[in-house]
1. Can we say M122 is of a type in the set (A, V, I, L, M), free of Cβ contacts under 8 Å to residues at least 40 places away in the same chain, surrounded by 15 or more Cβ atoms within 10 Å (Cβ to Cβ) and in a helix (DSSP H, G or I)?
2. For Y161, state whether it is modelled with pLDDT under 75 and exposed (fewer than 14 other Cβ atoms within 10 Å of the Cβ).
3. Answer with yes or no whether Y68 is modelled with pLDDT under 85 and closer than 18 Å to A146 by Cα.
4. What do you reckon, is S34 modelled with pLDDT of 80 or more and surrounded by 14 or more Cβ atoms within 10 Å (Cβ to Cβ)?
5. Given (1) in a helix (DSSP H, G or I); (2) more than 29 Å from the chain's Cα centre (by Cα); (3) at pLDDT 85 or above, identify the lone condition not met by E3.
6. Being farther than 22 Å from G48 by Cβ and either modelled with pLDDT of 90 or more or part of a helix (DSSP H, G or I) (or both) is the filter here, so list the residues in segment 132-158 that pass it.
7. (1) modelled with pLDDT of 85 or more; (2) over 25 Å from N139 (Cα atoms); (3) of a type in the set (V, I, T): which one isn't true of V86, the others all being true?
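The values are calculated or read from the model by the stated rules, or taken from the named source; none is laboratory data. Treat the numbers as computed from the prediction; the structure is a model and nothing was measured. Here the Cβ positions follow ideal geometry from the backbone for every residue, glycine too, while neighbour counts run over all protein chains shown.
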Amino acid sequence: MKEKYNWWRRYLYSRWSIPTGYASHFIFSVIIMSALIYSFCKIIISSGMILFTANKHPYFNANFTTSYISETGILGSQITLTLICVSLIALISNIEKKYLYGERLIDLAFYRKGIFSFKCIMVILFALLILNIYLMLNNTAFVYVAFVFLITLYIATIVLYRFGSIFLSQQSIKKRLLRKYYHCNLIHMKKINR
């Protein structure tokens, strides 16, 4: 009983000695995603790509045009963006076996599985590029081409942000990994002491 009491006392002390920081990391991620979604909605509404009926139902403006860029210019920009993201594969092949604090760099930038994995994001970028080519060849309204381009632009921004977060904020990654290892060890210690 005394050993168990001593263990719990040490556990509680060490539990509060390492900052958790999950709340601040979660709040920061939510703020970034909210800002991206808000800016996306603000762009498509203020530019007139999406209009609203009297009942506040949104619909695409088939007469949408802009003097800044043409359909071929949008397609060229989208191809360039996709190729920039694909060129990151060369960077990934160089950092595939590089580790930071015991974790692979690619695993720190992207999740291994799910919609935010690097493979899934690349498939989405290629699918959007093919969709835009299809829309242009079928003489679809310009608003749809511009909308797909905006989605591609935001996905490319997320990819570049994830890569930049690895190389520019290694100290925050170190703290995040410290919390991760600490909580994994606590789970292991709890199982042993049962």
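1. Here the answer is yes, as M122 does meet what is asked.
2. Details: modelled with pLDDT under 75: no; exposed (fewer than 14 other Cβ atoms within 10 Å of the Cβ): yes.
Taking the combined requirement at face value, the residue does not satisfy it.
3. On the way: modelled with pLDDT under 85: yes; closer than 18 Å to A146 by Cα: yes.
Answer is yes for this residue.
4. no
5. (3)
6. The initial filter retains those residues of segment 132-158 that are farther than 22 Å from G48 by Cβ, namely 133-134, 137-138, 155-158.
Passing the criteria: I133, Y134, L137, I155, A156, T157, I158.
7. (1)
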